[in-house]
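The values are calculated or read from the model by the stated rules, or taken from the named source; none is laboratory data. Note that this is a predicted model, so its numbers are computed, not measured. Heads up, the Cβs are rebuilt from the backbone with ideal geometry, glycines too, and the neighbour counts pull from every protein chain shown. Areas reflect the complete protein model, heavy atoms only, side chains present, ligands, DNA and RNA absent. Shrake-Rupley method; radii C 1.70, N 1.55, O 1.52, S 1.80 Å.
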Amino acid sequence: MGVSPFRTCNSSSAIVVALVVLLFLAGTSSANLSNNFYSKKCPNVFRTVKSVVKSAVAKEPRIGASILRLFFHDCFVDGCDGSLLLDDTPSFQGEKTAAANNNSVRGFEVIDDIKSKVEKLCPRVVSCADILAIASRDSVVLLGGPFWKVKVGRRDSRTANFTAANTGVIPPPTSNLSNLITTFRNQGLSVRDMVALSGSHTIGKARCTSFRSRIYNESNIDRTFALARQRRCPRTNGTGDNNLAVLDFRTPNHFDNNYYKNLLIKRGLLHSDQVLFSGGSTDSLVRTYSQNNKAFDSDFVAAMIKMGNNKPLTGSQGEIRRNCRRVN
């Protein structure tokens, strides 16, 4: 009978190996987000976040879409690390003035309000990055969308990446289908994820500057729809730039699959919306979601979880900011 290879090791070597394995497992588990990260440290955090978001959405339904958009724009730049929430200072340039964000992203005051209340509840425990992730989920639910368990345990970035935010990492509303597929793939998100996440445009509004070219220059658009939007969005640049139009003309304050139904009849507001249904590879997914709200909800949830888990700062990385607008 052969000799067991384990018997050739002395006891001290075995202990060393066991310790290395335990340290490795501890390191990998601490780097993972979880649903119960705050169950002992701050058990009421979810209830606190929801109460603030509920109050804000009741006052202005659009703010729910704005918070969700904040989460997207944060996650697409170096992961969901709260970097978008940082204000510029004389010695620091944040991401708020990048082309994709300047005079566009909003909802920061709601995050400030949540952070203030959470800090009183559990000082220096809950990150701004996690608050934004939870608030995004609550915004969707409060506007009639699906619920999912948000994985938490993120920490906040000590810096921001203006360059990335300003150079197409966040897909602009002029994106073609190929660009959308590539930018989402660069975030570890599939074509299915991209089409499902684009459905977030079932809520919220867009500025005239984002859709002016589409309503005046494109042919793949319903004429009546285009003419109606032209009344609030003049052709001339610099005129009415900040005038708003709803992204989903059917149910603008309700999270549902009408966004996809609009695309079928050429009533997508943004160029980057309508390209999802324009004779390309994503047409079949758009049809599926337009006919099956449950399929959309399911894929949207899966994609949100996947996006939220992308490159989080955990363990000893980053920090827990006391104020979401500045580093400690």
- Task: Scan region 160-174 for residues that are polar (S, T, N, Q) and in contact with a helix residue (DSSP H, G or I) (Cβ under 7 Å, 6 or more places away or on another chain) and jot them down.
- Result: 161, 174
- Task: Check whether at least one residue in region 116-125 is modelled with pLDDT of 95 or more, assigned to a loop (DSSP other than H, G, I, E, B) and in contact with a Leu (Cβ under 7 Å, 6 or more places away or on another chain), and report yes or no.
- Result: no
- Can you tell me which of 34, 91 is open to solvent by 10 Å² or more (accessible area, probe 1.4 Å) and without any contact (Cβ under 8 Å) to a residue 24 or more places away in the chain? 91
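Restricting region 239-248 to residues that are under 22 Å from the mean Cα position of the chain (by Cα) and part of a loop (DSSP other than H, G, I, E, B), which is farthest from residue 184 (Cα to Cα)?
To start, the set of residues in region 239-248 that are under 22 Å from the mean Cα position of the chain (by Cα) comprises 244-248.
Within this subset, residues satisfying the condition of being part of a loop (DSSP other than H, G, I, E, B) are 247-248.
On the way: 247: 20, 248: 22 Å.
Of everything passing the filter in region 239-248, 248 is farthest from residue 184 (Cα to Cα).
Yes or no, residue by residue, for (1) among the hydrophobic types (A, V, I, L, M, F, W, C); (2) at pLDDT 95 or above; (3) farther than 22 Å from residue 317 by Cα; (4) in contact with a helix residue (DSSP H, G or I) (Cβ under 7 Å, 6 or more places away or on another chain):
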residue: 148; (1), (2), (3), (4): yes, yes, yes, yes
residue: 156; (1), (2), (3), (4): no, yes, no, yes
residue: 176; (1), (2), (3), (4): no, yes, yes, yes
residue: 186; (1), (2), (3), (4): no, yes, yes, no
residue: 190; (1), (2), (3), (4): no, yes, yes, no
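Given the structure, is residue 105 free of Cβ contacts under 8 Å to residues at least 40 places away in the same chain and under 17 Å from the mean Cα position of the chain (by Cα)? Let's see the steps before the verdict.
On the way: free of Cβ contacts under 8 Å to residues at least 40 places away in the same chain: yes; under 17 Å from the mean Cα position of the chain (by Cα): yes.
In short, yes.
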- Message: For region 71-90, check the following and say yes or no: at least one residue is at pLDDT below 95 and either part of a loop (DSSP other than H, G, I, E, B) or out of contact with any His (no Cβ under 9 Å at 6 or more places or on another chain) (or both).
- Response: yes
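What number of residues within region 252-278 satisfy the criterion of being open to solvent by 40 Å² or more (accessible area, probe 1.4 Å) and out of contact with any Pro (no Cβ under 7 Å at 6 or more places or on another chain)?
First pass over region 252-278, keeping only residues open to solvent by 40 Å² or more (accessible area, probe 1.4 Å): 253-254, 261, 264-267, 271, 278.
Imposing the further condition that a residue be out of contact with any Pro (no Cβ under 7 Å at 6 or more places or on another chain) reduces the set to 254, 261, 264-267, 278.
Counting residues in region 252-278 that are open to solvent by 40 Å² or more (accessible area, probe 1.4 Å) and out of contact with any Pro (no Cβ under 7 Å at 6 or more places or on another chain) gives 7.
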- Query: Just one of the numbered conditions (1) buried (at least 17 other Cβ atoms within 10 Å of the Cβ); (2) among the β-branched types (Val, Ile, Thr); (3) within 24 Å of residue 207 (Cβ to Cβ) is not true of residue 320; which one?
  - Reply: (3)
- Query: Mind checking which pairs have a first residue in region 220-237 that is more than 24 Å from residue 280 (Cα to Cα) and a second that is surrounded by fewer than 14 Cβ atoms within 10 Å (Cβ to Cβ), Cβ under 6 Å, 6 or more apart or different chains?
  - Reply: none
- Note on the structure: If we take region 254-328, then helices (runs of 4 or more DSSP H) inside it with 1 or more residues that are small (Gly, Ala, Ser) are 271-274, 283-291, 293-308
- Query: helices (runs of 4 or more DSSP H) wholly in region 155-233 with at least 1 residues that are open to solvent by 50 Å² or more (accessible area, probe 1.4 Å) and under 23 Å from residue 97 (Cβ atoms) - which ones?
  - Reply: 162-165, 177-185, 208-217
